[in-house]
Structure formats: C-alpha cells, structure tokens
1. Could you work out the local net charge near Ser83, counting Lys and Arg as +1, Asp and Glu as -1, over the other residues with Cβ closer than 15 Å to its Cβ?
2. Quick check: pseudo-label points 7 Å beyond the Cα along Cα→Cβ at Lys79 and Ser62, how many nm apart are they?
Amino acid sequence: MQLEVKAGDKSFISTYNLTVNGNGGITLMNESNCDVTVSVINSIINIGNLTEGTQISIYSPSGISIYNEVAKASTTEVKLQRSGLYIVKVGDNAVKVVIR
C-alpha cells in the first residue's frame, strides 16, 4: 500500500504493510523495515517501538502542527484535548488516527 500524507505545504509518501492489532492500534512496516506502532486509547495517542532521537510530529488535517518532539524513549504518549482526525508522523512513517 502506498500512503501519501499532505500536511499544509508538506507531503510525505511511503509504502507500508499495515497490520491492525488487537487493541485497535496499527503497526506500520515501511520499506526500510521501521516497525512503529500507533494506537489510540481514549484521547491518548500511544507510539511504540521508537528509536531514541526519532522525530515525532502530529498534524491536523489542515496541516497545523499540533505536536513536534524528538523521541527520548522507546514509547511515548501524547494526550490530545480535542476529538478529530490527526496525522501522526514518526520519522518517515505517517498514519491517520481518529480521536473520539
């Protein structure tokens, strides 16, 4: 599957194998074999299998940057205050998530 994510004036294209895991999360495996997990529980985005130093960004559908940090551990949690669609970009990987 090829996924193109557009966030404002930026565009990211990668090829992924997607696996939906039991807790409603998604495991992304791109061509560089970066195995990143992204799941949503309540209003918290959980990102796992990170490499320290990896850039993590979260955007609104209109391209507004909501969160932008460098991973300091193998997992991170981001609590968002509003429901809606978000684009989570971890390194060169990107996925859309919904907060309800």
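Any read-out appearing in this document is the output of simple, stated calculations on the displayed coordinates, not a laboratory observation. Since we're looking at a predicted model, the values are computed, not measured. Heads up, the Cβs are rebuilt from the backbone with ideal geometry, glycines too, and the neighbour counts pull from every protein chain shown.
1. Surrounding charge for Ser83 is +4.
2. Each label point lies 7 Å from its Cα, and together they span 2.6 nm.
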